[in-house]
Amino acid sequence: MSSAGARLLKLFEGHRLTPTQRRIAHCMVRQAGDAPFLSSVELAELAGVSQPSVTRFAVALGFDGYPALRRHLRETAPETASSPPRGEDDGEPDPCNAYQQAVQAEIDNLRHLAALLADPAPVERAGRMLAATPALPVLGLRAASAQARGFAYFAAKVHPDVRLLDEGGSMLADRIDGCVRAGAQVLLCFALPRHPKEVAEALSYARGAGLRIVTVADSAFAPVAHPEDLLLPAAVGTGLVFDTACAPMLLGRVLLEAMCDGLPQAQARLEDFDARAAERGLFME
């Protein structure tokens, strides 16, 4: 990656950008040499977005508007004479393109998760809670639905009553009530950006119904955080147009492991499933 592209990535780092704004950011990185000289209309056309989106993008970065962002880029650009010609460098291979940077950021998120798990007590506590509840509702809406569905798929192999709540709407409260009637004591929630309001409303309703909440969220300061809940943080990657959630997915698998430790019949249920799957020829392996 060119030094100009690296400077742009540094400028964008740490800002919570929408998918459209990330598209603009990626376009600017790809056009790093020309970015300080592009008009807002030209940048919008290159990125395939509207011109007002470019203005909102500049404001999201802390500038008064796009002209201020472009002026900043021109003022911080190195002198042409001191910059190596395009395509030339110090002989070293390109260390990290935009895609590699996204992967590296996820690796860093996983390292951070590993550091948090040095104290296993919160996850072990959550595992005991999930194992003890007669019915286990698993909530995840929009971006978090994949995490909730993945957890529920595997949890159903060892837990007697797992109930996936991955659709919002007026029936969500009804389904929470049904879980409570079935004996649910705990609700597991996967909450990821951009944090739908419906998730916070559902969690509030669940607390009012007497459920304890275990939440896997992108941050301990996520909008769904509540002092009565057990919140387990796992950061998401923001380097691509859409968030990447490797750390939350892995934390979900860790929770499954902790839950299995608290289910005396977990291994027997897994072996029974494997036996029946073999009889049915369910898998090719």
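Odds and ends about this structure:
- Test: residue in region 178-186 that is at pLDDT 90 or above, part of a helix (DSSP H, G or I) and open to solvent by 40 Å² or more (accessible area, probe 1.4 Å): yes
- Among residues of region 45-64 that are free of Cβ contacts under 8 Å to residues at least 40 places away in the same chain and in a helix (DSSP H, G or I), those with a beta-carbon under 6 Å from a residue that is of a type in the set (A, V, I, L, M, F, W, C) and surrounded by fewer than 16 Cβ atoms within 10 Å (Cβ to Cβ) at least six positions away or on a different chain give the pairs Gln51/Val41.
- Residue match in region 157-177 (condition: open to solvent by less than 10 Å² (accessible area, probe 1.4 Å), touching a residue at least 60 places away in the same chain (Cβ under 8 Å) and over 25 Å from Tyr99 (Cα atoms)): yes
- Residue in region 195-212 that is touching a Phe, Trp or Tyr at 6+ places or on another chain (Cβ under 6 Å) and either open to solvent by less than 50 Å² (accessible area, probe 1.4 Å) or within 28 Å of Leu263 (Cβ to Cβ) (or both) present: no
- Unmet requirement for Val241, which otherwise passes all of (1) open to solvent by 40 Å² or more (accessible area, probe 1.4 Å); (2) touching a strand residue (DSSP E or B) at 6+ places or on another chain (Cβ under 8 Å): (2)
- Residues satisfying the stated conditions in region 19-44, i.e. under 19 Å from Val59 (Cβ atoms), without any contact (Cβ under 8 Å) to a residue 40 or more places away in the chain and either buried (at least 18 other Cβ atoms within 10 Å of the Cβ) or polar (S, T, N, Q) (or both): Thr20, Gln21, Ile24, Ala25, Cys27, Met28, Ala35, Leu38, Ser39, Ser40, Leu43, Ala44
- Restricting region 214-231 to residues that are assigned to a strand (DSSP E or B) and touching a helix residue (DSSP H, G or I) at 6+ places or on another chain (Cβ under 6 Å) leaves a set whose member that is most open to solvent (accessible area, probe 1.4 Å) is Leu230.
The values are calculated or read from the model by the stated rules, or taken from the named source; none is laboratory data. These figures come from a predicted structure and were not determined experimentally. Methodologically, a virtual Cβ is constructed for each residue, glycine included, from the backbone with ideal geometry; neighbour enumeration extends over all protein chains shown. The accessibility values were calculated without ligands, DNA or RNA, using every heavy atom of the protein model including side chains. Shrake-Rupley method; radii C 1.70, N 1.55, O 1.52, S 1.80 Å.
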